[in-house]
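Student: Here it is, the structure in full.
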Amino acid sequence: TLGDIFDAGAAGLAGIAATKPVVHVDTVLEGADLATALGADAANTFRIVRGTITGPRVVDSDDPGALLARDASGKVALNGTTTFPFTLVIPSSVASASASSAPNGAPVVCYGHGFFGDKKELEGAAPRAIMDHAGVVAIAIDWQGMSVDDISTVITDLGGDVSQTALLGDRVMQAMVNW
């Protein structure tokens with residue numbers, strides 16, 4: 001429900017206020033490593049950063065099909081923390097911008113993948129070219145509830161109890177909290 005969306009957002013913000021998110025960088029690709037990973041079309045990309053973020057969780061588990069965690073009154077509630085991966089792309093146009101032309105840094109775009117895709121889409125040639133042309137840094141996460149990890153749950157629900165299919169929305173609310 002709409003109330004659940006607002007309650008999930010409020011719970012997420014309360015979780016962030018109580019415990020700051022933790023960002024961990026796993027991989028930084030630049031220079032020769034970036035050229036090896038991307039091949040010939042690496043020229044428009046300065047750096048790709050991959051890592052994880054740990055923040056508040058409002059679902060009952062991190063698994064596909066998870067439902068919203070609720071308190072005794074039925075209101076959406078915090079349920080510990082969750083750790084999810086991210087990809088960050090810094091285009092060449094941003095890296096080469098002078099301090100005077102971008103005194104406050106580059107704008108950041110939250111990149112959303114398509115239905116049942118994943119954050120790796122941001123590393124594709126077309127999205128990187130768009131970010132380079134726009135002069136923006138882009139970050140992507142997997143939209144829980146609508147990512148490749150959720151395909152089997154949705155197919156199972158569609159092939160079995162269709163009334164359960166809409167429950168993927170519970171996990172989508174976790175994706176919104178992650179953003």
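Student: Just the number please: accessible area per residue for region 16-144, 1.4 Å probe, all protein chains included, in Å².
Tutor: Computed with neighbouring chains in place, this is 52 Å² per residue.
Student: Follow-up. Ranked from the most accessible area to the least, with a 1.4 Å probe and all protein chains present, what is the order of K75, K119, K20?
Tutor: K20, K75, K119
Student: Let's test the formula: R0 of 45 Å, r as the Cβ-Cβ distance of T1 and H133. What FRET efficiency results, to the nearest 0.05?
Tutor: Working: r = 40 Å, r/R0 = 0.89.
In this case the efficiency is close to 0.65.
Student: Quick one: which residues, 5 or more positions from T45 or on another chain, have an amide H under 5 Å from its amide H? H modelled 1.01 Å from N in the peptide plane, none for Pro or chain starts.
Tutor: Under 5 Å from the amide H of T45: S92.
Student: Something else now. Enumerate the residues in region 61-75 having an amide nitrogen under 11 Å from the point lying 7 Å beyond the Cα of A10 toward its Cβ.
Tutor: Residues passing the 11 Å test: 75.
The values are calculated or read from the model by the stated rules, or taken from the named source; none is laboratory data. On a predicted model such as this, the values are computed, not experimentally measured, just so you know. Cβ: placed from backbone, ideal geometry, glycine included. Neighbour counts: every protein chain shown. What goes into the accessible areas is simple: the full protein's heavy atoms, side chains included, and nothing from ligands, DNA or RNA. Shrake-Rupley method; radii C 1.70, N 1.55, O 1.52, S 1.80 Å.
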